[in-house]
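Chemist: One structure, pasted below without further comment.
The values are calculated or read from the model by the stated rules, or taken from the named source; none is laboratory data. These numbers were taken from a predicted model, which means no experiment stands behind them. Ideal geometry is used to build each Cβ from the backbone, glycine not excepted, and the neighbour counts take in all protein chains shown.
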């Protein structure tokens, strides 16, 4: 019995480590997709966030400052995406593809330039990482230590999700952003500044994706490596589709995908099931969700379409 | 006047500007990194052009990129966006690799079987997405992205199956010599390039065949019509769904062929991936630089191949090879936003004509 509870604790712990990067990025993706701008550049924005977090954490020794800077770095890439897609009417998928070249390319380029041609940043001191919530309160290896003594950001992300839900459904801005993603022309005729709302949303999506990337380098591990993100940005997009483009849906989907990832990391230790097969689950589940719930899931109508201001 | 107008509206001009801007931004980052752009770009050019064997290497780097470029270009021309060339490339290379190891057939036939299997694998991988789109209305970009990652993990899974995995390493056993598409030993030693292979010949042939299909056949006309305006095509009696499936099938097969050429030509084995190898995404760049024309893709593929091969040599002068990603990312971004300038110039010239 004790062993089962302990294993359960480990599984919850692994889920709480795997979920935050996905959820931050997924919440960002929600903002972008709901305002009508497809953002497949989430992956690139996460990578640049992961790198910035690692570097600022290494030099400043302040995990929270590093976390914030990572968000800002992601926001810069969000801004690039916004300028290309909103002001210059670029094809949104192609601009996102460009971001996915630029983000990882720039991260590894700068890493090599700064750290003597090494593609990994030096490992940072554990004290520079983001703090854990109940450090040393519970004995190590116990159930409660595994469940409660996790990085505080792992809990913060759910607060952020709650705030996002509030913004989406309980504020004027949220109503506008949802409307802009459905019918920008109608919004414009009502005097809503479509470009402004879309700019805010896309920059915000970069900011949140950057935070998600930084969680990996500032909490899960303590350095940047070129393959820290691999695919998490795309899983986040999958989670948003699976969660029907809503923050509350994204939370559920990310917890599910985080749980898959938790099982994977535990299974890879025990060598029972191939971790590669478990890694496929989020993608297959998303495809199945699309097949089964098509029609029920509503994609924002103006998503991916170019909107040109009439003035 | 007309000449000026046609230049301002041509894709080539904007592509060249985008490439130049890409190099300028790459230079800025090289400067930030404390590396002289002149030295780095000099090395880049030097490593491609200074010896004939370097040019041969460039061709071997370019062949898979031409295939994925053609794949994406074909999809662009027919109105769908094959962002899944990455996954189709992977299942193609996987099929070629597995059959190349397990089958025991005479030379040439073995290679042909592997190539056909790779094309079929890419085709099927793409068709699944096509069927989801046609039957269930699921947007192809979304399902392509999912299938890219399913292919990624599927490949890593298969690479680790004992029957084809090699010892303690991270890769499969070597593909049998009978399945390889290398030039004969004498030619390779004459060219001084151990990986010189028929891939580039196949790639150029595929480009020409695709040009013929698109420009000279009724099939191409149907596919283009659907891409241009699916409602109009429907009105004209063209079955849009069937055309989309045909287009995606051909596009996927092209990407799968790229995977075969990479395995049977260049690498000879499949390694476990740590990250996506990006051949499919680089194919998007090739298609954009080549303005989605088959012949354009051949040249764009050669350009990208040169950048990749030259870029891999930058580490000799301690310059990060990732500058190539930065340059190419900027090129895509600027080609994507160049549309607005094209429309601007069009409107300007129109206004002038009116006045």
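Chemist: Does residue B:90 count as more than 14 Å from chain A (Cβ to nearest Cβ), farther than 19 Å from residue B:243 by Cα and assigned to a helix (DSSP H, G or I)?
Modeler: no
Conditions tested, residue by residue: (1) surrounded by fewer than 21 Cβ atoms within 10 Å (Cβ to Cβ); (2) under 25 Å from residue B:173 (Cα atoms); (3) touching a strand residue (DSSP E or B) at 6+ places or on another chain (Cβ under 8 Å); (4) not assigned by TED's automatic domain parsing to the domain that holds residue B:332.
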{"residue": "B:70", "(1), (2), (3), (4)": "no, no, no, yes"}
{"residue": "B:78", "(1), (2), (3), (4)": "no, no, no, yes"}
{"residue": "B:112", "(1), (2), (3), (4)": "yes, yes, no, yes"}
{"residue": "B:123", "(1), (2), (3), (4)": "no, no, no, yes"}
{"residue": "B:128", "(1), (2), (3), (4)": "yes, no, no, yes"}
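Chemist: Report yes if residue B:44 is more than 30 Å from residue B:172 (Cα to Cα), within 13 Å of another protein chain (Cβ to nearest Cβ), over 11 Å from the mean Cα position of the chain (by Cα) and crowded, with 20+ Cβ neighbours inside 10 Å, otherwise no.
Modeler: no
Chemist: OK, next. Name every residue in segment B:130-172 that is under 24 Å from residue A:96 (Cα atoms), within 9 Å of another protein chain (Cβ to nearest Cβ) and assigned to a helix (DSSP H, G or I), in order of residue number.
Modeler: Result: B:132, B:141, B:142, B:143, B:145, B:146, B:147, B:148, B:149, B:150, B:152, B:153.
Chemist: Hey, another quick one. From A:167, A:150, A:159, grab the single residue that is closer than 30 Å to residue A:8 by Cβ and free of Cβ contacts under 8 Å to residues at least 24 places away in the same chain.
Modeler: Of the residues listed, the single one that is closer than 30 Å to residue A:8 by Cβ and free of Cβ contacts under 8 Å to residues at least 24 places away in the same chain is A:159.
Chemist: I would also like to ask the following. Can you find even one residue in segment B:245-267 that is assigned to a loop (DSSP other than H, G, I, E, B) and within 12 Å of the chain's Cα centre (by Cα)?
Modeler: No: segment B:245-267 contains no residue that is assigned to a loop (DSSP other than H, G, I, E, B) and within 12 Å of the chain's Cα centre (by Cα).
For (1) in contact (Cβ under 8 Å) with a residue 24 or more places away in the chain; (2) within 7 Å of chain A (Cβ to nearest Cβ); (3) crowded, with 20+ Cβ neighbours inside 10 Å, each residue gets a yes or a no:
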residue: B:319; (1), (2), (3): yes, no, yes
residue: B:325; (1), (2), (3): no, yes, yes
residue: B:328; (1), (2), (3): yes, yes, yes
residue: B:331; (1), (2), (3): yes, no, yes
residue: B:336; (1), (2), (3): yes, yes, yes
residue: B:343; (1), (2), (3): no, no, no
residue: B:346; (1), (2), (3): yes, no, no
residue: B:349; (1), (2), (3): yes, no, no
residue: B:352; (1), (2), (3): no, no, no
